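Working notes, structure below.
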Amino acid sequence: MSDHEQQPAPRRGKVLEALARAERKLFTRPAPKSAKARMKFLRTREGGSTAAVAKRLGTSRRTVERYLAGKLTKPQKRLQAALVEETESEWQPQVRAQARAQASTSRGMMVEVTAYFGFTCTGSSDDGRERQITTDISPTYVKQILELQESGATEEDLHPIVAEAITESYFTEWGTRADGLRADFTSVSSISFRF
């Protein structure tokens, strides 16, 4: 791989990006901002290996070394996106772990979503349509969502569990109405989570 050759940065879907944004809001200190500071941080996390950092970022070892030496300062868009994602995924792991543990055992999470919801139910139900919904998600579902995220689940893997969590809390009001209702969502316009 040449110094200027890069693999495309990993692209997250809207649900995965919303989970990452929710975690970033938990940070008690700002993550490193400059490319050099991010490279140094990632090199520390990789035990000093510039080769491991290069592999994570989809670039060459020589490119990583140039950023660390200050010879390069402004990364191309793909490298910049990978730097931000990789740095923030490693930043303040104890703060994130504590919030995740609380959300998946006692507190739950809040979700705000605008998406197309379709329904299946015994009896009659509304036709599917785009809805904007804000609701709490129970700790049981939060735990499943976070476990899927950690295991490398795709956006399509997360949609059914998030839809089920929204169905339970919003449409069936924790099992007190609309027995047997099942909602699926597609065409997510926007989504955000709060721990």
Handout entry: Potential extension, residue 190-residue 150 segment - 0.36 nm per residue separation minus Cα distance
Key = 12.2 nm
Exercise for the section: Please give every one of the lysines within straight-line cross-link reach of residue 36, meaning a C-alpha to C-alpha distance under 28 Å, and leave out same-chain neighbours fewer than 8 residues apart. Expected result: 25, 55, 71, 74, 77
Completion exercise
Taking the reciprocal of mean 1/r across every pair of different Cα atoms in the range 128-195, the Kirkwood radius in Å is 12.7
Problem - the chain pair-distance distribution - Cα-Cα, 5 Å bins, rounded % - result: 1, 7, 14, 17, 15, 13, 11, 8, 6, 4, 2, 1, 0, 0
Fill in the blank from the handout: Probe 1.4 Å, heavy atoms of protein chains only: per residue, the accessible area of the range 110-195 in Å² is 53
Fill in the blank from the handout: Rounded to the nearest 10 degrees, the helix 35-45 long axis (Cα) sits at an angle to the longest Cα principal axis of the chain of 80
Fill in the blank from the handout: For the range 55-195, the percent of accessible surface on carbon and sulfur atoms (probe 1.4 angstrom, ligands and nucleic acids excluded) is 46
Fill in the blank from the handout: So the FRET efficiency between residue 101 and residue 33, C-beta based with R0 = 30 Å and rounded to 0.05, is 0.60
Practice task
Take the alpha-carbon centre of the range 19-90, take the same for the range 134-177, and report the distance between them in whole Å.
Solution key: 31
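The values are calculated or read from the model by the stated rules, or taken from the named source; none is laboratory data. The structure displayed is predicted, hence computed values, not measured ones. For neighbour counting, all protein chains shown are included, and Cβ atoms are generated from backbone atoms with ideal geometry for every residue, glycine included. The protein model used for the area step is the full one, side chains on, heavy atoms only, and it has no ligands, DNA or RNA in it. Shrake-Rupley method; radii C 1.70, N 1.55, O 1.52, S 1.80 Å.
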